[in-house]
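The values are calculated or read from the model by the stated rules, or taken from the named source; none is laboratory data. Just so it is clear, the model here is predicted, and its values are computed rather than measured. So basically every Cβ, Gly included, is an ideal-geometry build from the backbone, and we count neighbours across all protein chains shown. Ligands, DNA and RNA are stripped out before the accessible areas are found, and what is left, the full protein with its side chains, is counted by its heavy atoms. Shrake-Rupley method; radii C 1.70, N 1.55, O 1.52, S 1.80 Å.
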Amino acid sequence: MLSRKGLIPEEYVLTPRLAEDISEPKYREKERRARFVAKNGTCNVAHKNIREQGRFLLDVFTTVVDLRWHHTLLIFTMSFLCTWLLFGMIWWLIAFAHGDLDRTDEDFVPCVTSVQSFTAAFLFSIEVQVTIGFGGRMITEECPAAILVLIIQNIVGLVINAIMLGCIFMKTAQAHRRAETLIFSKHAVIALRNGKLCLMFRVGDLRKSMIISATIHMQVVKKSSSLEGEVLPLNQIDIQMENPISTNGIFLVSPLIICHTINKDSPLYDISASDLTHQQDLEVIVILEGVVETTGITTQARTSYLADEILWGQRFVPIISEEDGRYSVDYSKFGNTVKVPTPTCTARKLEEEHGTLDIRSFSPKSTVRRRNMSIKVKPKFTLFDEDPT
């Protein structure tokens, strides 16, 4: 526009294409690390090139239970329809072989009464398998083969009912349904506890029915390599929790803060505050297992924390208070954190400089206490006059 008005000569005006070419180079930011376990607990793994598909048919019950609901309902419906049609065809063939379709004599005794078409045979097949018995069609003593087919269809119907109803029950009572009310904090935190850096997260149960024998396991998943040069893309390393009873068992009657002390045996020993970015190849997986008190089924809840979901120098706020002789839990503050003084160095460096670094300086209470002690307040008056001598 300036060149059109004569303010700038045309030879000095850059076209949009040239201006784009000489602009600053654009650096593409590294994508975020793919999760191994999603926040809702599902595993982010795709199974491909499975050649032995027949192994799934060896355990038909588990295969049907693992299917989606619309596939399960389709199999449920088709299993009954196919058996009704199959045995309806068999009853029609029996009636056709015995001559029941054309004979209308009063003295003639058919194999099945009132079955003179395929539709009637299909309805009789439904009545036999689901034991409805309207009374219009019934089997007679004329054909022993018909009695044998009746027994076979009853047995097949009972087997199908047991399998399909069992699948429907197992899908509605699956263990992961109970895990929907087991919640984890959105972020994990790293802060000082008893003079050591600790990784902490909060877990809670929304239901009043407890999880019996609840245990928590933690793993760090990251890419590593062995001394021989073997690359391990998803190396799973167990990390220990700080528990006074030396086990991973917890009493999950109220929300708990799970703590992992970062020591020399921890895979987080060399992690500092500057390393907790989305580019860091690090994922902390949390697995909660237990037995559902009401059903006795073992359930498992899972979640994970990537590097940028771990907050350095934060601490969870208290959410439990005593009200009217009972303990009250405020779930609106379940994931809330506050900043606390925390060294930004690694746990290794913190341990090496433990002699020169005063850990108490990172405690807000100790800072206030020293500050108050350092101030000397002179009394405004005395009860007795001081002796000048």
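A Förster distance of 22 Å, applied to the separation of the beta-carbon atoms of residue 75 and residue 173, puts the FRET efficiency at 0.75. Computed with a 1.4 Å probe over protein heavy atoms only, the accessible surface of the stretch 60-218 comes to 56 Å² per residue. Quantify, in whole percent, the carbon and sulfur part of the accessible surface of the stretch 197-266 (1.4 Å probe; protein heavy atoms only). Carbon with sulfur: 53 percent of the solvent-accessible area. Across the stretch 66-147, the convex hull enclosing all Cα atoms gives 101 Å³ per residue.
Projection of the Cα convex hull of the stretch 197-311, averaged over all directions and equal to a quarter of that hull's surface, yields 8.7 nm². Sorting 231-241, 93-103 by their mean Cβ neighbour count within 10 Å, with the most densely packed peptide first, gives 93-103, 231-241. Ordered from highest to lowest accessible area with the whole protein assembly present and a 1.4 Å probe, 222, 264, 196 read as 264, 196, 222.
Full extension from residue 344 to residue 138: what is 0.36 nm times the residue separation minus their Cα-Cα distance, to one decimal in nm? Each step should come with its number before you reach the end.
Numbers: separation 206, 0.36 × 206 = 74.16 nm, distance 8.51 nm.
Using 0.36 nm per residue and subtracting the Cα-Cα distance, I get 65.7 nm.
Here residue 60 and residue 187 are evaluated by their C-beta separation; at R0 = 41 Å the FRET efficiency comes out at 0.45. Heavy-atom accessible area, probed at 1.4 angstrom with all protein chains present, ranks 308, 205 as 308, 205, highest first. Between residue 119 and residue 264, the modelled label-to-label distance comes to 8.8 nm, taking each label 7 Å out from Cα in the direction of the beta carbon. Across the stretch 178-285, the mean sequence separation of Cα contacts (distance under 8 Å, 6 or more residues apart), normalised by length, yields a relative contact order of 30 percent.
Between residue 224 and residue 323, the C-beta separation translates, for a Förster distance of 45 Å, into a calculated FRET efficiency of about 0.40. Protein heavy-atom accessible surface, 1.4 Å probe, per residue over the stretch 255-307: 38 Å². The slack in the chain from residue 40 to residue 82, taken as 0.36 nm per residue of separation less the alpha-carbon distance, amounts to 11.3 nm. Length available on full extension from residue 131 to residue 209: 0.36 nm per residue minus the Cα-Cα distance, which gives 24.1 nm.
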